[in-house]
Amino acid sequence: MTDSHRLPPGQWIAPLERFGLPTFAPRKVVPPARPVVTVSGDVRHAAQFEIADLLAGLPRHDQLSDINCVTTWSALDLPWSGVRLRDVVDRLAAQVEPNPGTRWLRLTGLDGYWACLRIDDATADEVLLADQLDGKPLPPAHGAPVRVVAPAHYGYKSVKHLVGVDFLRRYASGPAGWKGHPRARVAEEERSRLLPGPFWRRVWRPTLPILRRAYRKND
Ligand SMILES: Nc1nc2c(c(=O)[nH]1)N[C@H]1C(S)=C(S)[C@@H](COP(=O)(O)O)O[C@H]1N2
Ligand SMILES: [Mo]
């Protein structure tokens, strides 16, 4: 509990457990032997990349960062390792040539979950495409083979099991729907596009045990 001084507003410390929207609780992912990422959207040439090729040769970064879930739990100081999402996006953009005016990335996971991050948010220094947690390959529960880690944003932007990246002109809310926020910055408590953050603490906190149970039942 030593780190509670830096807990964001309205958050509580919790251990990391597999988590998300209730619809995704039964969708446990078995990572494929040769995972690929499909890159499309408003681009000149859509393309597919093997994940191994996407990461090959990029500088690696080890980083302690937190997951802050919109439902008010926070797992602190998780030891991630991977490459910068910015380096990956640069590599992809060189191949697919996004059209001018694209401002958003839609990030899709193998379980069908997806979320949009603004390109300037997705390419900030501390945003990783992580392939390791605790010095070991990412476990299936936490996003194998690779996941996004966007510490400045609520957990719902940190898409696990990445299989799709689309360059888009416009934001789309994804499965989070109206409950989500286009940017979802933790420091601004952007829990939802509607109503202020503190309102949502009171909505989400009581649902947390129910959501946890739905996930644990499937684990
Ligand atoms: N593919 C995928 N990514 C996802 C989710 C999901 O259900 N599927 N849930 C999101 C939510 S709401 C949170 S809080 C974090 C939780 O990460 P964890 O399952 O590693 O604890 O993953 C995010 N990324
Ligand atoms: Mo979340």
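What follows is calculated from the coordinates using simple rules that are stated; it is not laboratory data. These figures come from a predicted structure and were not determined experimentally. Cβ placement follows ideal geometry from the backbone for every residue including glycine, while neighbour counts extend to all protein chains displayed.
Just checking, how many residues over the stretch 76-135 are surrounded by fewer than 21 Cβ atoms within 10 Å (Cβ to Cβ) and small (Gly, Ala, Ser)?
The qualifying residues number 7.
Does the stretch 154-165 contain any residue that is within 16 Å of ligand 1 (Cβ to nearest atom), buried (at least 22 other Cβ atoms within 10 Å of the Cβ) and polar (S, T, N, Q)?
Yes, there is a match, as at least one residue in the stretch 154-165 is within 16 Å of ligand 1 (Cβ to nearest atom), buried (at least 22 other Cβ atoms within 10 Å of the Cβ) and polar (S, T, N, Q).
Can you tell me which of (1) β-branched (Val, Ile, Thr); (2) surrounded by fewer than 20 Cβ atoms within 10 Å (Cβ to Cβ); (3) within 30 Å of residue 96 (Cα to Cα) is the one residue 39 doesn't meet?
(2)
Could you tell me which of the residues 19, 49 is more than 16 Å from ligand 2 (Cβ to nearest atom) and in contact (Cβ under 8 Å) with a residue 24 or more places away in the chain?
Just one listed residue meets the conditions, 49.
Counting only residues that are part of a strand (DSSP E or B) and out of contact with any His (no Cβ under 8 Å at 6 or more places or on another chain), which one in the stretch 108-123 is farthest from ligand 2 (Cβ to nearest atom)?
Top of the filtered list is 118.
Which residues, counting only those in the stretch 165-184, are without any contact (Cβ under 8 Å) to a residue 60 or more places away in the chain and at positive phi?
Of everything in the stretch 165-184, just one residue is without any contact (Cβ under 8 Å) to a residue 60 or more places away in the chain and at positive phi, namely 177.
Hey, can you tell me all the residues within the stretch 132-159 that are within 13 Å of ligand 2 (Cβ to nearest atom), part of a loop (DSSP other than H, G, I, E, B) and not small (Gly, Ala, Ser)?
154, 159
On the given criteria, is residue 204 under 13 Å from residue 69 (Cβ atoms) and aromatic (Phe, Trp, Tyr)?
For residue 204, the condition - under 13 Å from residue 69 (Cβ atoms) and aromatic (Phe, Trp, Tyr) - is met.
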